[in-house]
């Protein structure tokens with residue numbers, strides 16, 4: 001089978017993790033996989049290697065969406081359908097901002113303009129792809145309401161394995177510091193805890209870049225308290241993240257919106273406790289999480305302290321999402337609703 005994957009606008013985060021996982025899952029069934037990436041993308045970041053995978057570097061996102069029809073299966077993995085009609089094609093919708101009204105969101109004007117243009121593009125070219133796919137019921141409902149188009153649910157994720165490891169961190173937060181990830185809310189909570197004398201360690205993934213200097217400075221400031229350790233390694237490989245999960249008591253995930261929430265899946269696979277807000281995207285994929293309130297630091301701080309005092313009082317998160325997409329994509333017969 002000859003497969004083409006458009007990933008020119010995939011660079012970091014959960015989408016990159018899933019791209020690596022997808023390549024590994026489908027490679028045994030393919031003669032060749034052509035992966036279209038941006039000219040600046042370092043393919044060494046794809047941790048799965050195979051001679052069957054061929055990378056085609058593109059300078060321009062828009063022109064790269066005029067796609068070849070030579071493939072048995074085509075996947076547009078970065079939310080945008082092709083410019084031309086492509087047979088046996090699937091467009092995967094990851095980004096929750098593309099299925100919601102962002103006028104009242106606390107986003108910069110350039111980001112609002114960007115998402116407006118992307119949503120307009122999807123509306124105009126939605127008929128050029130055979131299937132739209134997303135990961136959760138809530139994303140499906142929002143997409144259908146916004147675009148008046150059929151979309152199927154077919155989630156997938158990497159299946160991490162639990163292995164014996166020394167516990168190094170009380171908590172971990174896996175996620176880049178986008179606005180909706182609420183890093184400042186988490187740091188507010190940690191600042192309060194630092195003043196209460198509670199011993200706590202937490203692993204985070206904030207890149208050492210100028211865009212995040214405010215968060216990095218806050219981390220350094222809170223780390224001055226002897227009872228709090230915030231361990232930041234910046235961008236980490238999927239192997240390193242797996243080690244972090246296996247070395248942590250719990251995941252804390254204070255995100256206000258997600259299309260899927262991949263760390264929730266990964267933590268529940270490993271039988272971890274999970275702190276998360278009681279929002280639809282969380283309830284779509286896991287159960288038995290520890291509720292936190294993104295508008296109430298004191299409530300969340302008290303939950304964390306209660307957990308630190310006796311973790312056995314809290315249930316482990318349970319996985320609800322199925323791992324369907326790779327086999328359904330290869331079958332080419334549509335996706336389960």
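Which one of these does residue 239 not meet: (1) out of contact with any helix residue (DSSP H, G or I) (no Cβ under 8 Å at 6 or more places or on another chain); (2) closer than 16 Å to residue 185 by Cα?
Result: residue 239 passes all but (2).
Given the residues 5, 53, 93, 33, which is the only one that is touching a helix residue (DSSP H, G or I) at 6+ places or on another chain (Cβ under 7 Å), touching a residue at least 40 places away in the same chain (Cβ under 8 Å) and at negative phi? Write out each step before concluding.
Numbers: 5 fails: touching a helix residue (DSSP H, G or I) at 6+ places or on another chain (Cβ under 7 Å); 53 fails: touching a residue at least 40 places away in the same chain (Cβ under 8 Å); 33 fails: touching a residue at least 40 places away in the same chain (Cβ under 8 Å).
After applying the criteria, what remains is 93.
Of all residues being assigned to a loop (DSSP other than H, G, I, E, B) and out of contact with any helix residue (DSSP H, G or I) (no Cβ under 9 Å at 6 or more places or on another chain) in the stretch 73-88, which is farthest from residue 1 (Cα to Cα)? Just the residue, please.
Taking the stretch 73-88 first, the residues assigned to a loop (DSSP other than H, G, I, E, B) are 77-88.
Among the residues that remain, those that are also out of contact with any helix residue (DSSP H, G or I) (no Cβ under 9 Å at 6 or more places or on another chain) are: 87-88.
Values: 87: 14, 88: 12 Å.
The extreme case among them is 87.
Kindly list, by first and then second residue, each pair from a residue in the stretch 184-199 that is more than 15 Å from residue 307 (Cβ to Cβ) and in the same structural domain as residue 310 (by the TED database) to a residue that is assigned to a loop (DSSP other than H, G, I, E, B) and modelled with pLDDT of 95 or more, limited to pairs with Cβ atoms under 7 Å and residues at least 6 apart or on different chains.
185/254; 185/294
With the condition kept exactly as written, say whether any residue in the stretch 206-215 is touching a helix residue (DSSP H, G or I) at 6+ places or on another chain (Cβ under 6 Å), under 18 Å from residue 301 (Cα atoms) and buried (at least 18 other Cβ atoms within 10 Å of the Cβ). Steps first, please.
First, the residues of the stretch 206-215 that are touching a helix residue (DSSP H, G or I) at 6+ places or on another chain (Cβ under 6 Å): 206, 215.
Next, only the ones that are under 18 Å from residue 301 (Cα atoms) stay: none.
No.
For residue 62, are the conditions met, namely being over 25 Å from residue 180 (Cβ atoms), in contact with a helix residue (DSSP H, G or I) (Cβ under 9 Å, 6 or more places away or on another chain) and surrounded by fewer than 13 Cβ atoms within 10 Å (Cβ to Cβ)?
Taking the combined requirement at face value, the residue satisfies it.
Take the conditions in contact with a helix residue (DSSP H, G or I) (Cβ under 7 Å, 6 or more places away or on another chain) and at pLDDT below 95 and apply them to residue 165. Does it pass?
Working: in contact with a helix residue (DSSP H, G or I) (Cβ under 7 Å, 6 or more places away or on another chain): yes; at pLDDT below 95: yes.
Judged against the criteria, residue 165 is a match.
Check off (1) closer than 28 Å to residue 281 by Cα; (2) surrounded by fewer than 16 Cβ atoms within 10 Å (Cβ to Cβ); (3) at pLDDT below 90 for residue 184 and give me the number that stays unchecked.
(3)
From the list 123, 128, 140, 162, which one is within 30 Å of residue 273 (Cβ to Cβ) and either in contact (Cβ under 8 Å) with a residue 24 or more places away in the chain or not assigned by the TED database to the domain that holds residue 66 (or both)? Outline the logic, then answer.
Details: 123 fails: within 30 Å of residue 273 (Cβ to Cβ); 128 fails: within 30 Å of residue 273 (Cβ to Cβ); 140 fails: either in contact (Cβ under 8 Å) with a residue 24 or more places away in the chain or not assigned by the TED database to the domain that holds residue 66 (or both).
The conditions single out 162.
Checking the conditions here, which among 116, 109 is over 27 Å from residue 265 (Cβ atoms), without any contact (Cβ under 8 Å) to a residue 24 or more places away in the chain and surrounded by 12 or more Cβ atoms within 10 Å (Cβ to Cβ)? Lay out the reasoning, then the answer.
Working: 109 fails: surrounded by 12 or more Cβ atoms within 10 Å (Cβ to Cβ).
The conditions single out 116.
The values are calculated or read from the model by the stated rules, or taken from the named source; none is laboratory data. Owing to the predicted nature of the structure, the values given are computational and were not obtained by experimental measurement. All Cβ positions, glycine included, derive from the backbone under ideal geometry; neighbour counts span all protein chains shown.
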